Amino acid sequence: MSLATLDEWIQDLRDAGEGINAAAPEVAKACKSSADAQLSQGRGIGGDEWAPCKDGSAPLTNAAAALTVDAVGNVVVFRIGEPYVFHHFGAGRVPRRPILPTAGLPDNLGYAIRQGLIQGLPFMKKHGRKT
């Protein structure tokens, strides 16, 4: 690697701060995709297994449709609509089935964030970073 290339990379990293806002929609898109994959397998985004319904069927089969993931500035916001939010916390006769991660950032979301940054930050593509 030449010194000029290294200098270019350093400048790109300095400019990345502003690029994070531009990359946030790609990060949100990747997080939604990762979350949908977990939810479709009958578990929360953080990997929490869900108890089956009383009749033995799979619970919350449409949970992914109730989940929105949006970028607000450089923040990615996860929202759960009704009635699924009641399952996340558990309410009355509704058993607790965590949808959002309950402890820290799970690996699958960490990978999704990385994927979104690679897609959303132009300098990552410029320097040959592959998804």
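Values in this text are rule-based calculations from the coordinates and carry no lab data. As the structure is a prediction and not an experimental result, all values here were calculated from the model. Counting neighbours? That spans all protein chains shown, and the Cβs are built from the backbone with ideal geometry, glycine included.
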Options (1) 64, 39, 18; (2) 62, 33, 25; (3) 65, 25, 22 - which one matches Cα extents along the principal axes in Å as calculated here
(3)
Structure-based [θ]222 nm, the chain - -39500 (n - 2.57) summed over DSSP H runs of at least 4, per residue, nearest 500:
-16500 deg cm²/dmol
Simple label model, 7 Å out from Cα along Cβ direction - Ala51 to Arg79, nm
3.0
Would you mind computing, in nm to one decimal, how far apart the modelled labels at Trp9 and Thr102 are, each placed 7 Å from Cα along Cα→Cβ?
4.2
In terms of modelled amide H atoms, which long-range or inter-chain residues lie less than 5 Å from the amide H of Trp50?
Gly44
Quick one: compute the contact order of the chain, relative version, from alpha carbon pairs under 8 angstrom and 6+ residues apart, as a percent.
33
Going 7 Å from the Cα of Ala22 toward and past its Cβ, which residues in segment 96-115 have a backbone nitrogen under 19 Å from where you end up?
114-115
Please state the shape class of segment 11-67: rounded when a/c is under 1.5, otherwise prolate if a/b exceeds b/c and oblate if not, all from the C-alpha gyration tensor.
prolate
Taking Cα atoms, how many degrees apart are the long axis of helix 107-120 and the longest axis of the chain, rounded to 10 and kept between 0 and 90?
40
Can you give the longest run of the chain that contains no trypsin sites (Lys or Arg not before Pro) sitting in a DSSP loop with at most 13 other Cβ atoms inside 10 Å?
1-53
Can you work out the Karplus-derived ³J(HN,Hα) for every residue in segment 27-38? Use 6.51 cos²θ - 1.76 cosθ + 1.60 with θ = phi - 60°, whole Hz, and x for glycine or proline.
5, 4, 4, 5, 5, 4, 4, 5, 4, 4, 4, 5
